[in-house]
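The block underneath contains the structure these notes are about, expressed in structure tokens.
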Amino acid sequence: MPAPTDAIAGWRPIDAVAARFVGWAVDTEGSSRSSALIRIGLAMLFWSRWAGELLLYIDQSPAGLFLAVNFFTATALLFVGYHSRVAAVWTGSVGLAMYYYFGFQLGHEPWTHHHVYLLTVAVLLIALTPCGRSYSLDRYLAVMRAERAGLPPPAERGNLWGLRLIVVQLSVLYFFAAFDKSSYAFLSGARIEQIFLWYYAGSDYPAGLAWLAIVVSVAVVALEYCLAFGLPFRRSRRYLVLPGLAFHAIIYLTLPVYTFSATMALLYLAYFDADAVDKVIARLQGIGLAGTAGEEIS
């Protein structure tokens, strides 16, 4: 039977890993600039997907007008960054209301798609980041207040746990997307064949499509599993970012999943160390750093 001291010593590596994970997940502070870029991008994605469907003359019912006014007000505040975190919660709440009203009450099927869920969850999670401390009206007003008080501008930094939750969300999404495809129906190439025939070939079955469909199907599933488990880690991320972005670019161009693809590409910013993103921005623009490099899972 091992001595108690041996048992305690055996737990120390696990404790160290757990402490490091907690530090990464909830205790890390960093630059707010990547969070701000995601905030602006999400507002633009909300507009590009739904603004044309929510113009005031389209649905003039009380519920439709109420959602439209709230949509444009919340997303405008999110874009300019005024009370940014409140605007993010407001925008996410409107997204949930639209998901329910248009998708389930009125039965408009596109409103129940996964890209609606992803955008709504992403904007709610960005509310947990310092998304208003950079590139925002909030930042401008904070700098003006500091100047009037004779103080230095407030730091563009904050807790990054909201970005960590986005990372978890994306990894879970990739895993279950791959898990759902890990069946004979997909790996046999049948679904890829069906998609190709529906959008491109009609009833004309091209020669050699079966083998190509199998190769593409297996490659997609393998890539999604790799992205699920590899993107959160710096050492493997360097080999996966370009394939992941290329994957989303391909399906953006070839299939009607453009909102989902653009959202995923935007949220890749959450995978990168916020201070490393800040250094790239500072180098490109010749401006000062918001902070120094922080820790990251490796």
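The values are calculated or read from the model by the stated rules, or taken from the named source; none is laboratory data. Worth saying up front: this structure is predicted, and the values here are computed from it rather than measured. Methodologically, a virtual Cβ is constructed for each residue, glycine included, from the backbone with ideal geometry; neighbour enumeration extends over all protein chains shown. In case anyone asks, the SASA skips ligands and DNA or RNA and just uses the protein heavy atoms, side chains included. Shrake-Rupley method; radii C 1.70, N 1.55, O 1.52, S 1.80 Å.
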The summed charge of the L125 Cβ neighbourhood (under 13 Å; Lys/Arg +1, Asp/Glu -1) stands at +3
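Compare the peptides 128-135, 234-241, 191-198 by average per-residue count of other Cβ atoms within 10 angstrom and give them in order, highest first. Intermediate values should be presented prior to the final figure.
Working: 128-135: 26.0, 234-241: 13.9, 191-198: 15.5.
In descending order of packing, they fall as 128-135, 191-198, 234-241.
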Cα convex hull of region 84-199: how many Å³ per residue?
138 Å³
How much accessible surface area, in Å² rounded to 10, belongs to the heavy atoms of E29 with a 1.4 Å probe?
100 Å²
Measure off 7 Å from each Cα along the Cα-to-Cβ vector at H83 and R235, then give the distance between these two points in nanometres to one decimal.
4.7 nm
Using the basic label-point model (7 angstrom from Cα toward the beta carbon), what is the R148 to F272 distance in nanometres?
3.6 nm
Rank by packing, highest mean first: peptides 117-124, 224-231, with packing defined as the count of other Cβ atoms within 10 Å averaged across residues.
117-124, 224-231
Would you tally the net charge around V220, using a Cβ to Cβ cut-off of less than 15 Å, leaving V220 out, and scoring K and R as +1, D and E as -1?
-1
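For region 194-282, give the percent of accessible area contributed by carbon and sulfur heavy atoms, probe 1.4 Å, rounded to a whole number. Write out the running numbers ahead of the final one.
Details: 3630 of 4930 Å².
Ligands and nucleic acids excluded, carbon and sulfur reach 74 percent.
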Where the centre of each part is set by its Cα atoms, how far does region 31-78 sit from region 124-165, in angstrom?
22 Å
Given bins 10 angstrom wide, list per bin the percent of all Cα-Cα distances in region 20-101, short to long.
17, 42, 25, 11, 4, 0
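Only helices at least 20 Å long along their own axis, judged from Cα atoms, and with Kyte-Doolittle mean hydropathy of -0.5 or greater: name those in the chain from DSSP H. Walk me through the intermediate numbers first.
On the way: long enough: 4-22 (26 Å, 0.42); 33-50 (26 Å, 0.59); 62-80 (27 Å, 1.85); 84-100 (24 Å, 0.74); 161-181 (30 Å, 1.21); 209-230 (30 Å, 2.19); 234-254 (31 Å, 0.36).
Both cut-offs are met by 4-22, 33-50, 62-80, 84-100, 161-181, 209-230, 234-254.
Over region 135-217, what per residue volume does the convex hull of the Cα atoms give, in whole Å³? If you can, show how the numbers build up before the last one.
Values: hull volume 12.1 nm³, N = 83.
Roughly 146 Å³ of hull volume per residue.
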Expressed in angstrom, Rg and Dmax over the Cα atoms of region 150-298 are 19.7, 74
In a Gaussian network model over the chain where Cα atoms closer than 10 Å are linked, find which of I14, I126, I287 has the largest mean-square fluctuation.
I14
If N is the number of residues in the chain, what value comes out of its Cα radius of gyration divided by 2.2 N^0.38 Å?
1.18
Based on the Cβ-Cβ distance from Y258 to R20, what FRET efficiency comes out when R0 is 41 Å, to the nearest 0.05?
0.60
